[in-house]
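Scroll down for the structure; my scribbles are underneath it.
The values are calculated or read from the model by the stated rules, or taken from the named source; none is laboratory data. Everything quoted here is computed from the prediction, not taken from an experiment. When we count neighbours, we look across all protein chains shown, and the Cβ atoms used for this are built from the backbone with ideal geometry, even at glycine. The protein model used for the area step is the full one, side chains on, heavy atoms only, and it has no ligands, DNA or RNA in it. Shrake-Rupley method; radii C 1.70, N 1.55, O 1.52, S 1.80 Å.
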Amino acid sequence: MTLAGLDSLGDLAGRRVLVRSDLNVPLDGTTITDDGRIRASLPTWQRLLDAGARVVVCAHLGRPKGAPEEKYSLAPVAERVRQLLPGVEVAFATDTVGESAKAAVEALQDGGLVLLENLRFNPGETSKDDAERGAFADELAALVGSEGAYVSDGFGAVHRKHASVVDVAERLPHAAGGLVASEVEVLTRLTDDVARPYAVVLGGSKVSDKLGVIDSLLGKADRILVGGGMVFTFLAAQGHEVGKSLLEQDQLDTVRGYLERADDEGVDIVLPVDVVAATAFAADAEHDVVTSDHIPADRIGLDIGPASAHLFAAKLEDAATVFWNGPMGVFEMEPFSHGTRAVAQALVESEGFTVVGGGDSAAAVRQLGFAEEAFGHISTGGGASLEYLEGKTLPGLTALED
Ligand code: ADP
Ligand code: MG
């Protein structure tokens, strides 16, 4: 896939550039608990600012239903952007395409930046109706005018058929930002010409979302290590009791099918041999390590156990390529963070090309104190990277192809 880069837009001095970024950060009230996505967005903005452009940033936060909701305001993000870009005039518009946005864009100087309020406060952003999305895209495009340009840099949203991702690209000269370009380059290394052995570690809680990727990885990966919430559907598929652990009953047959196919195709599916089983979903709940075929009926599995952590590390040791998506346990609670820590540590020690994908996985890595530089790549887009690996077309990337 070849995407037009920023250079293709020509001289940007004095021109307004609409940038779609991914600023969907976790918030505790108005406090940003992980600003990774904001920091990842900075280099593209900086390049445009250095070129003398007037930068208009748009993004979404959370899942508001097409109308303003205070708790989903991007105002705290604007504040953080100001701290991260000292010396740059950073304005915040209290609407997306309304009076505040128009005034802020009008007032923009060369080398200045305005962040628009949450795109999803507008029903047109996510509408399934092409005309409604198109009308909203018209308003977004009008903000930067006929001399303007569009830069797609919100990798975490690039798999969505949304106005700011797809429709606006049809209305303005467009290019991929540095973040999207580098994500695509990395994902290509996970799909074409993969260095082997290729190991994939899957975990997290969005089980049915992630089963599809296993289907396509069965033909590509040499080893698939499964932990996190999804593992209990695998253990149950093998006939084991999983107690009160996360379980997707309706996926049992699918998972049995995967296990058989893995056998046929010689793919090593590695499941935990032990589990940390707790009396409740709570940091202070009583918990013990049990073997994964003997989870007591009244317990919840909240992490892979120490023997599994050891086994997983061993399976990653000689891998030339590792893709990791999804924490191994409820890492947000210290007693259940050890499996995730062990996998992160194994990636850090690996001499292979290591990629961490997924919002929570990336947050886990940072929260557990690992340096981002210790990994080959930390993807900002969980869903987007998974869909890419599944071989789906990403509408936002298709829109950038000429
Ligand atoms: P990512 O954002 O990296 O793709 P997910 O969103 O799928 O990952 O899942 C992350 C969440 O999975 C975390 O909040 C973590 O607490 C949860 N999780 C991990 N293991 C378990 C488990 N055994 N039971 C319940 N939740 C789990
Ligand atoms: Mg997540």
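Can you give me the number of residues within segment 163-177 that are in a loop (DSSP other than H, G, I, E, B), open to solvent by less than 20 Å² (accessible area, probe 1.4 Å) and either of a type in the set (Lys, Arg) or farther than 10 Å from Arg20 by Cα (or both)?
Of all residues in segment 163-177, those in a loop (DSSP other than H, G, I, E, B) come to 171-173, 177.
This time we only want the ones that are open to solvent by less than 20 Å² (accessible area, probe 1.4 Å), so: 172, 177.
With either of a type in the set (Lys, Arg) or farther than 10 Å from Arg20 by Cα (or both) added as a condition, the list becomes 172.
Residues in segment 163-177 being in a loop (DSSP other than H, G, I, E, B), open to solvent by less than 20 Å² (accessible area, probe 1.4 Å) and either of a type in the set (Lys, Arg) or farther than 10 Å from Arg20 by Cα (or both): 1 in total.
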Just wondering, is there one or more residues in segment 356-374 that are touching a Leu at 6+ places or on another chain (Cβ under 7 Å) and more than 11 Å from ligand 1 (Cβ to nearest atom)? no
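I need a count of the residues in segment 355-394 that are over 19 Å from Ser216 (Cα atoms) and either open to solvent by 10 Å² or more (accessible area, probe 1.4 Å) or more than 16 Å from ligand 2 (Cβ to nearest atom) (or both).
So the first thing to find is which residues in segment 355-394 are over 19 Å from Ser216 (Cα atoms), and the list is 359-380.
From what's left, either open to solvent by 10 Å² or more (accessible area, probe 1.4 Å) or more than 16 Å from ligand 2 (Cβ to nearest atom) (or both): 359-360, 363, 366-378, 380.
Qualifying residue count, segment 355-394: 17.
Take the residues in segment 310-335 that are under 21 Å from Ala285 (Cα atoms) and more than 22 Å from the chain's Cα centre (by Cα); name whichever of them is surrounded by the fewest Cβ atoms within 10 Å (Cβ to Cβ). Break it down into steps so the answer makes sense when it comes.
The first filter runs over segment 310-335 and keeps only residues under 21 Å from Ala285 (Cα atoms), leaving 327-335.
Imposing the further condition that a residue be more than 22 Å from the chain's Cα centre (by Cα) reduces the set to 334-335.
On the way: Glu334: 10, Pro335: 17.
Here the answer is Glu334.
Here are Ala91, Ala103: which of them is assigned to a strand (DSSP E or B) and open to solvent by 20 Å² or more (accessible area, probe 1.4 Å)? So that I can check it myself, show each step before the final result.
Details: Ala103 fails: assigned to a strand (DSSP E or B).
Matching residue, one of Ala91, Ala103: Ala91.
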For Val348, all conditions in the list (1) within 16 Å of ligand 2 (Cβ to nearest atom); (2) β-branched (Val, Ile, Thr); (3) assigned to a helix (DSSP H, G or I) hold save one; what is the number of the exception? (1)
Here is a list of conditions, (1) open to solvent by less than 20 Å² (accessible area, probe 1.4 Å); (2) over 23 Å from Val213 (Cβ atoms), and Pro272 meets all of them except one; can you say which number that is? (2)
Only listed residue being within 24 Å of Asp303 (Cα to Cα), more than 11 Å from ligand 1 (Cβ to nearest atom) and open to solvent by 50 Å² or more (accessible area, probe 1.4 Å), chosen from Gly239, Gly219: Gly239
Within the group Val180, Val200, which residue is touching a residue at least 12 places away in the same chain (Cβ under 8 Å), under 18 Å from Val17 (Cβ atoms) and open to solvent by less than 10 Å² (accessible area, probe 1.4 Å)? Val180
